[in-house]
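I have placed the structure first, in the form of structure tokens, so that the comments after it can refer back to it.
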Ligand SMILES: [Zn+2]
């Protein structure tokens with residue numbers, strides 16, 4: 001891989017700061033962003049969505065149905081003479097054609113926005129569905145767990161914050177955890193950082 005050759009071994013895990021986008025090239029692996037002060041280290045991790053499931057299909061279906069409505073456009077000229085059923089069909093087709101620009105603009109925004117979850121030294125950055133939360137400090141997080149049960153999203157995580165706030169389905173729709181193992185690794189890492197922030201880390205002989 002070309003990235004392995006270009007990246008020195010002690011390069012930061014993040015190429016850019018996950019909070020302010022400032023380039024971290026040339027900086028040590030364990031340091032702080034010169035722009036916003038966010039700290040990062042060698043154990044930091046980034047979970048980024050490459051291709052969100054479902055969205056491509058939904059956009060393709062709306063586009064396909066909308067384009068098929070173009071066939072009915074000439075019928076608008078004889079609208080008064082059409083049967084009630086045919087009128088409904090022509091109007092539905094027209095509605096789908098109107099949806100095409102909205103659909104394209106939504107799809108462009110959705111696919112261009114980066115969707116990621118980043119574990120930093122200071123806390124968690126959640127940038128999902130185009131919305132970036134401010135950094136959630138480790139001291140504000142109570143626990144994390146993989147979602148289970150009949151309504152659980154595939155490879156999604158629930159995060160419990162202090163003060164009883166619960167963030168559900170993290171990574172579900174955005175698909176930042178491509179496999180169950182990724183979600184498990186993320187949960188383990190969050191619990192580790194939370195324990196560290198509380199000063200209750202058991203001594204790990206391997207570290
Ligand atoms: Zn920064």
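Identify all residues within the range 192-207 that are farther than 14 Å from residue 139 by Cβ and at pLDDT 85 or above; write none if there are none.
Hit for the range 192-207 is 192, nothing else.
What is the residue count in the range 24-44 for residues that are over 19 Å from residue 134 (Cα atoms) and in contact with a strand residue (DSSP E or B) (Cβ under 7 Å, 6 or more places away or on another chain)?
Result for the range 24-44: 2.
For residue 75, all conditions in the list (1) surrounded by fewer than 15 Cβ atoms within 10 Å (Cβ to Cβ); (2) over 30 Å from residue 20 (Cα atoms) hold save one; what is the number of the exception?
Here residue 75 meets the rest and fails (1).
Identify all residues within the range 33-44 that are crowded, with 18+ Cβ neighbours inside 10 Å and more than 7 Å from the ligand (Cβ to nearest atom); write none if there are none. Can you show your working first?
First, pick out the residues of the range 33-44 that are crowded, with 18+ Cβ neighbours inside 10 Å: 33, 38, 40, 44.
Within the range 33-44, 40, 44 qualify.
Within the range 99-123, can you find the residues that are surrounded by 12 or more Cβ atoms within 10 Å (Cβ to Cβ) and in a helix (DSSP H, G or I)? Please lay out each step first, then the result.
Here is the first cut: in the range 99-123, the residues surrounded by 12 or more Cβ atoms within 10 Å (Cβ to Cβ) are 99-100, 103-104, 106-107, 110-111, 113-123.
Those that are surrounded by 12 or more Cβ atoms within 10 Å (Cβ to Cβ) and in a helix (DSSP H, G or I): 99, 100, 103, 104, 106, 107, 110, 111.
Could you please find all residues in the range 168-198 being farther than 15 Å from residue 118 by Cβ and part of a strand (DSSP E or B)?
Within the range 168-198, 168, 169 qualify.
Output yes when any residue across the range 127-148 is more than 24 Å from residue 38 (Cα to Cα) and modelled with pLDDT under 85, and no when none is.
Residues of the range 127-148 that are more than 24 Å from residue 38 (Cα to Cα), as a first pass: 145-148.
Those left that are additionally modelled with pLDDT under 85: 148.
Looking for residues that are more than 24 Å from residue 38 (Cα to Cα) and modelled with pLDDT under 85, one finds at least one in the range 127-148, hence yes.
Scan (1) within 16 Å of the ligand (Cβ to nearest atom); (2) more than 24 Å from the chain's Cα centre (by Cα) for the single condition residue 126 breaks and write down its number.
(2)
The values are calculated or read from the model by the stated rules, or taken from the named source; none is laboratory data. Predicted, not measured: the structure shown is a model, and the values here were computed from it. Cβ coordinates were reconstructed from backbone atoms using ideal geometry, including for glycine residues, and neighbour counts include every protein chain displayed.
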